[in-house]
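The values are calculated or read from the model by the stated rules, or taken from the named source; none is laboratory data. Keep in mind that this is a model prediction, so the values were computed, not measured. Glycine gets a Cβ as well: all are built from the backbone with ideal geometry, and neighbour counts include every protein chain shown. Side chains are part of the model used for accessible areas, which takes the heavy atoms of the whole protein and leaves out ligands, DNA and RNA. Shrake-Rupley method; radii C 1.70, N 1.55, O 1.52, S 1.80 Å.
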Amino acid sequence: MALPALSESTLDRLGGEMYDLLYSLFPICRSITGNGVRETLKMAQSCLPMEILEIPSGAEVFDWSVPDEWNIFDAYILDPEGKKIVDFKANNLHVLGYSDPVDAKLGLPELKEHLYTLPELPDAIPYLTSYYKRRWGFCMRHNDFLQLKDGTYTVKIDSTLKPGSLTIGECVLPGEQEDEVLLSCYTCHPSMANDSISGVVLATFLGKLLSQVKRRYTYRIIFIPETIGAITYLSLNKDRVISKTRAGLIVSFVGDSGPFCYKKSRQGNAEIDRVAEHVLSHQKGNYEVRDFYPDSGADERQYCSPGFDLPMGLLTRTYYLRYPEYHTSLDNLSFVSGENLSESLGLYYEILAAFEMNKTYVNQVMFCEPYLSKRNLDSTLGSQKTLDGETRKIKWLLNYCDGKRDLLEIANKISIPIQDLEWAVQELIRTKLIKPEITN
Amino acid sequence: MALPALSESTLDRLGGEMYDLLYSLFPICRSITGNGVRETLKMAQSCLPMEILEIPSGAEVFDWSVPDEWNIFDAYILDPEGKKIVDFKANNLHVLGYSDPVDAKLGLPELKEHLYTLPELPDAIPYLTSYYKRRWGFCMRHNDFLQLKDGTYTVKIDSTLKPGSLTIGECVLPGEQEDEVLLSCYTCHPSMANDSISGVVLATFLGKLLSQVKRRYTYRIIFIPETIGAITYLSLNKDRVISKTRAGLIVSFVGDSGPFCYKKSRQGNAEIDRVAEHVLSHQKGNYEVRDFYPDSGADERQYCSPGFDLPMGLLTRTYYLRYPEYHTSLDNLSFVSGENLSESLGLYYEILAAFEMNKTYVNQVMFCEPYLSKRNLDSTLGSQKTLDGETRKIKWLLNYCDGKRDLLEIANKISIPIQDLEWAVQELIRTKLIKPEITN
Amino acid sequence: MALPALSESTLDRLGGEMYDLLYSLFPICRSITGNGVRETLKMAQSCLPMEILEIPSGAEVFDWSVPDEWNIFDAYILDPEGKKIVDFKANNLHVLGYSDPVDAKLGLPELKEHLYTLPELPDAIPYLTSYYKRRWGFCMRHNDFLQLKDGTYTVKIDSTLKPGSLTIGECVLPGEQEDEVLLSCYTCHPSMANDSISGVVLATFLGKLLSQVKRRYTYRIIFIPETIGAITYLSLNKDRVISKTRAGLIVSFVGDSGPFCYKKSRQGNAEIDRVAEHVLSHQKGNYEVRDFYPDSGADERQYCSPGFDLPMGLLTRTYYLRYPEYHTSLDNLSFVSGENLSESLGLYYEILAAFEMNKTYVNQVMFCEPYLSKRNLDSTLGSQKTLDGETRKIKWLLNYCDGKRDLLEIANKISIPIQDLEWAVQELIRTKLIKPEITN
């Protein structure tokens, strides 16, 4: 029933492959719409087959509508001497996301109204967007900004913003049950490595792994632009998402070297929250578990809006508001590694394995302890001092498999990882001493 | 919707006026019945119009009956030389409350059976009463008591105890809702400043302030003798009090300089308990919150008897069992100040303002975040680093205005005073993103 | 209503008598069936009349069946020189419980397959049994085992294992109510003093004490072999046990000098759990309260199996897994004392007295405080400073006797032993201010 364990060598190999995919995806200029997203999904499809959905601009999705599609081809600033001092082709963060096209000459004071910098990180290009107000602008290193001299500058942004569509990738892996586990990553960030793209890569490989095993649950892996993509997806799939989603995880910030951080669902005590905390508490590193908060974060803001209130959490490494490289050009390829990705993949897989394994069983004897030694489940030589570890687990299981407590609760009572109950559970099923609770 | 804020200068002015009223009320000899109470209420009426109710002696009120009315005109002890050594006119605490009249000459041993002192505070006159057993007696400083010499003493108490009535003052300030907030103070203590009279003064001025503003709730301010007055009032108004009282506060011990102390209602987690603790936790001073206890205290012993179990707490300054001046002549005018009264009035008002403001709202979008930037409620320049404080509050409100959580719970989640949600709540109402929950 | 208090001198006397009984019971070779159990019960009957039940071998009891009856007459090992080096008559722990008969000569290697020792306690004879697999064997001191030399040994076990019956003793003491308190001890251990036999002795004397007093509850005291006896008893009495058992205690490990340890019922917050913890917290010594665990322990493993889930706890002195003498010949007469037994009896009695006393009462006034001074329950001289201890208790009782809270909860609110409420409760009953809640 439980997912097969992943070997160290498999994880090592996958770490390398994940880094390779991330390396290929990194240079693409993505946004919430446009060809960068399509190119990204095409690359992911080579690992994980998925369906591509195009939702036309103007579609009404809850309180929003799908925006026009933005594409960009080139952008630069020439200084008064004609030198290219800011170049989109060198780093696509240089352009304010969703910039209007512009082709103009202007003086420094006027130019400065369109320049964005980060004085506190003077060598970083900040990441900024203006999806819902028409603007044009450039983001640049504050140190470069300080060098600008008076004179006439040439600015050029070769972009288009017009009706098109918003692109979503979706992969469904049917399981024994129709209940679904939703894995969600976002595809809308340009060249940053840990934010957004590390999640795309991990979700792709996690999907690939899940496609190769026997699954209890149906898995649905979606690749969407943040916020508007989640809103669009939820709007199109509202009833199914509400009725079928048994758990979910939002995947991002999984390539850096920091400790894991789990942000709980709004429900706070959903099965996935309990499983994630359980697995984190038994892995070797430090970790952090945070209560849900709605004022920042990723797409859990939509999944956990009060109308949905889905049992979904955000599982990251370094908490995103704690790393200064966040949303800058410093979140680059050197900030992530295949080893980190591999470790993150292992943790995600372990959480899903625990979630798959977790069930509520019912003791078929119920009245008094069953006669274990006739089933070779207890020593025939009586002395409580010699009770062995598996017999102890069997006794805990028999007492608490009462149809009300799931395996996770029993594992927590004994302070062991749920996986360590596997042998005892299988023996009790084999000897017909427990059966899964029938739920409707 | 919220009550208007009180300025510092208003509070300063009211502090002075409160002290003046307290100064005028102080010398009056009050008891649970009699003309001292009537005189007290007449003075309060000059600030706050109220109805005066007279309940005749003998009326049956739950397990009790209204006692005969007591009035006193003079009382003294003459020593063997004819010197007035104890004089009611110098301090009305000298007479045991409800003393029978007496006019006699007696020896020291017999006199001593009628004398009460406080050896541990030898310069204080204790406050004692004998409402329900006919006695006569004098209270005096222990140091004076020690000077008494053998000989024949003359004692005179010119009092009457006969059928009359018990006097109650009541002021009702209708609000938008019929639900009531009950403010209760007691009028039965003779010349003590902090116990009883400081509460009468604060309740009077709080009523005056409330009479001048738009009120969500109906306020009922009652002036009653402690215990028997509360029992009488509750007996006469049982059904209305039970069905209408949404919250209440018992007002006393509000003139000294100590930190605030809130004794919770018997319910323990009533809305008023949560509001009081919230406001106390955000004001600048130390404070104490105590669980309900029934074995001592003021009229919460009646309001929170099991049959009523009203959501009412006792809000004081120094916890009454912790100040040695309690129930003695040392609880005098120098123990209280206008500044303390003003600070107490400010806190009571702030608690009522928070209570008025606290509501349960329902997000009108519910599914996903609303599109805030089109309503100018979020920045149009996308970067989570720049989310501003009001936008954060708006996001918390939208997520948790689910019809189940009130503003207080949301403010506590963000660790800010509820008043700091005012702007965001008003904006969300204005933009029709939230509406108050309709309750029946 | 409450049980009469036990005097120190009564407890002292009973301590001596308990030690005498334990001393007589100690040498008997008991097992889960056989004449040792019958002899044990016969001795206990001299103190406490009880019914003896014989359940035939082969009877089906839940998942088990009653085993054949085992009796043993003699057993020894002769060394190659013919010297008796292991002798059942010197210590009955030398024989593996339920050993098959054997009469053979064999070499040392073959003999060693039938020898059991405790290398970590080389001077102790371990206690071992093989109830459900046919074996024969000897238990011996590890130091003796190390002296064994090559050669031919003679082994002799003169035992019988054949259809017979399992023996149970049961004493019922009817009370005012049909609800039962079940006291359970186990009779199956051979010569060990603290494990098993101390419990038999204490249960016998506790029953004797209870037989002499007016009882609210019906007491049922059962003497059973551990595990199979409890399973058999529960199987024969399933419906009554489930419907009538209001509380229960498993009695064992009560003769040593360690601090008390209470293992809660599986319910965790049953009335008996609350009472036991309350009484332990007010006695003078250290104590420990443990949550229920099903993987070891005594018959609570059966009583608290999920089908029964009875409100029964295990009350011992030193937690059995913490004393190294457990299940060895070192758990002998010098490990226990009459003084310890007496102290344990006192604690058990006090817990039952508190349980008998604990009731839910209803205030007959409910609305406001009753007029206490007319009933002489409060001072007629008014001053909160002088409120006396009994009046305080009366006020707590009146406020919280609301039909929902029992006396135990009220005592815990005031942090006093429940017994200290006795006078106040009786006064309130006498003055008709409270009545017991009628429960169906």
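Taking the DSSP bridge list for chain A and keeping only pairs wholly inside it, about 65 percent are antiparallel. 3J(HN,Hα) along region A:10-18, derived from phi through the Karplus expression 6.51 cos²θ - 1.76 cosθ + 1.60 where θ = phi - 60°, amounts to 4, 4, 4, 4, 5, x, x, 5, 5 Hz, with x in place of Gly and Pro. Over the Cα atoms of the protein assembly as shown, the radius of gyration divided by the Kirkwood radius equals 1.07; this is the Rg/Rh ratio. Roughly speaking, what is the centre-to-centre gap between region A:228-276 and region C:135-210 when only Cα atoms are used, to the nearest Å? Going from one Cα centre to the other spans 58 Å.
Ignoring aspartates and glutamates fewer than eight residues from B:Lys156 along the same chain, the ones with Cα atoms less than 20 angstrom from its Cα are B:Glu69, B:Asp74, B:Asp79, B:Glu81, B:Asp87, B:Asp100, B:Asp103, B:Glu110, B:Glu113, B:Asp144. Taking the C-alpha atoms only, the angle from helix C:271-282 to the longest principal axis of chain C is near 80 degrees.
If you bin all the Cα-Cα distances of region B:69-162 at 5 Å, starting from zero, the percentages per bin are 3, 15, 26, 27, 19, 8, 2, 0.
Taking chain A as the reference, fit the longest principal axis to its C-alpha atoms, fit the long axis of helix A:198-211 to the helix C-alpha atoms, and give the angle between the two in degrees, 0 to 90, nearest 10. Approximately 40 degrees, to the nearest 10. Taking the alpha carbon gyration tensor of region A:342-411, multiplying each eigenvalue by 5 and rooting it gives semi-axes of 29, 17, 9 Å, largest first.
Work out the P(r) tail for region A:245-297: percent of alpha carbon pairs separated by more than 14 Å, whole number. Value for region A:245-297: 56 percent of Cα pairs lie more than 14 Å apart. Ranking B:Val155, B:His282, B:Ile72 by Cα position along the charge dipole of the protein assembly as shown, where only Lys, Arg, Asp and Glu carry charges on their C-beta atoms, puts B:Ile72 farthest toward the positive end. For chain A, treating each Cα as an identical point scatterer without solvent, what Debye log10 I(q)/I(0) comes out at q = 0.07, 0.09 1/Å? Cα-only, vacuum Debye calculation for chain A: -0.41, -0.63. Summary value for chain C: 17 percent relative contact order, contacts being C-alpha pairs under 8 angstrom separated by 6+ residues. Principal axis extents of the Cα atoms in region A:221-375, from largest to smallest and rounded to whole angstrom, are 67, 38, 24. Where Lys and Arg each count +1 and Asp and Glu each count -1, what net charge lies around C:Ile32 among other residues with Cβ under 12 Å from its Cβ? Combined, the nearby Lys, Arg, Asp and Glu give -2. The percentage of C-alpha pairs in region B:13-104 whose separation is greater than 23 Å is 44%.
About its Cα centre, the dipole of region A:346-425 is roughly 320 debye, where the only charges are +1 on Lys and Arg Cβ and -1 on Asp and Glu Cβ. Think of the protein assembly as shown as a dipole: +1 on every Lys or Arg Cβ, -1 on every Asp or Glu Cβ, centred on the Cα centre; then among C:Met366, A:Ser46, C:Leu407, C:Met366 lies furthest on the positive end.
Chain B has one residue whose beta-carbon comes closest to the axis relating it to chain A; that residue and its distance in whole Å are B:Asn269, 12.
Computed in the context of the full set of protein chains, the accessible area of the protein assembly as shown at 1.4 Å probe radius has 48% of its extent on carbon or sulfur.
Listed cross-link partners A:Lys395/C:Lys263; A:Lys374/A:Lys395; B:Lys42/B:Lys263; A:Lys263/C:Lys263; B:Lys413/C:Lys395 are compared with a 26 Å cut-off, the Cα-Cα value being larger for B:Lys42/B:Lys263; A:Lys263/C:Lys263; B:Lys413/C:Lys395. At the listed q of 0.15, 0.26 Å⁻¹, the Debye profile of region B:124-163, built from one uniform point per Cα, gives log10 I(q)/I(0) equal to -0.53, -1.11.
This model, with +1 at the C-beta of Lys and Arg and -1 at the C-beta of Asp and Glu, gives the protein assembly as shown a dipole about its Cα centre of some 1320 debye.
For region B:69-162, DSSP calls about 85 percent of its internal beta bridges antiparallel. Our coupling estimate for region A:122-134, obtained by passing each phi through the Karplus curve with A = 6.51, B = -1.76, C = 1.60 and θ = phi - 60°, is x, 9, 9, 8, x, 9, 9, 9, 9, 5, 10, 9, 6 Hz, Gly and Pro reported as x.
Helical runs (DSSP H, four residues minimum) scored at -39500 (n - 2.57) apiece and divided by the length of chain B put the mean residue ellipticity at 222 nm at -9000 deg cm²/dmol.
Sorting B:Lys42, A:Lys359 on solvent-accessible area from highest to lowest, probe radius 1.4 Å, gives B:Lys42, A:Lys359. Computed from point charges on the beta carbon alone (+1 for Lys and Arg, -1 for Asp and Glu), the dipole magnitude for chain B about its Cα centre is near 1100 Debye.
At q = 0.18, 0.23 Å⁻¹, what is the base-10 log of I(q)/I(0) for region B:256-345 according to the Debye formula with one equal point scatterer per Cα and no solvent? Please give it to two decimals. Normalising to I(0) and taking log10 leaves -0.86, -1.18. Projecting the Cα atoms of B:Tyr131, B:Val95, B:Ile85 onto the dipole axis of region B:69-162, where Lys and Arg carry +1 and Asp and Glu carry -1 at the beta carbon, places B:Tyr131 farthest toward the positive end.
In chain C, excluding the sites themselves, the longest stretch lacking any of the GluC sites (Glu not before Pro) that are in a DSSP loop with at most 10 other Cβ atoms within 10 Å is C:121-440. Near B:Gln283, once Lys and Arg are set to +1 and Asp and Glu to -1 for all other residues with Cβ below 10 Å from its Cβ, the sum equals -1.
Structure note, pairs A:Lys214/A:Lys393; C:Lys208/C:Lys238; A:Lys238/A:Lys284; C:Lys208/C:Lys284: Cα-Cα distances above 29 angstrom occur for A:Lys238/A:Lys284. Charged neighbours of B:Pro306, selected by a Cβ distance under 11 Å, balance to 0 (K, R count +1; D, E count -1). The other copies place their A:Glu54 label points at 9.2, 9.2 nm from this one, listed shortest first, where each point is 7 Å from Cα along Cα→Cβ. Sorted from shortest to longest, the distances between the A:Ser415 label points of this copy and the other copies are 3.0, 3.0 nm, with each point 7 Å from Cα along the line through the beta carbon.
Per residue, the solvent-accessible area of chain C (1.4 Å probe, heavy atoms of protein chains only, all protein chains present) comes to 38 Å². Less than 5 angstrom separates the built amide H of C:Tyr131 from those of A:Gly382, all sequence-distant by 5 or more or on a different chain. Between identical copies, the spacing of B:Lys112 label points, each set 7 Å from Cα toward the C-beta atom, reads 9.4, 9.4 nm from nearest to farthest. With a 1.4 Å probe, how much accessible area is buried between chains A and C, both sides summed, in Å² to the nearest hundred? Its buried surface, counting both partners, is about 2800 Å².
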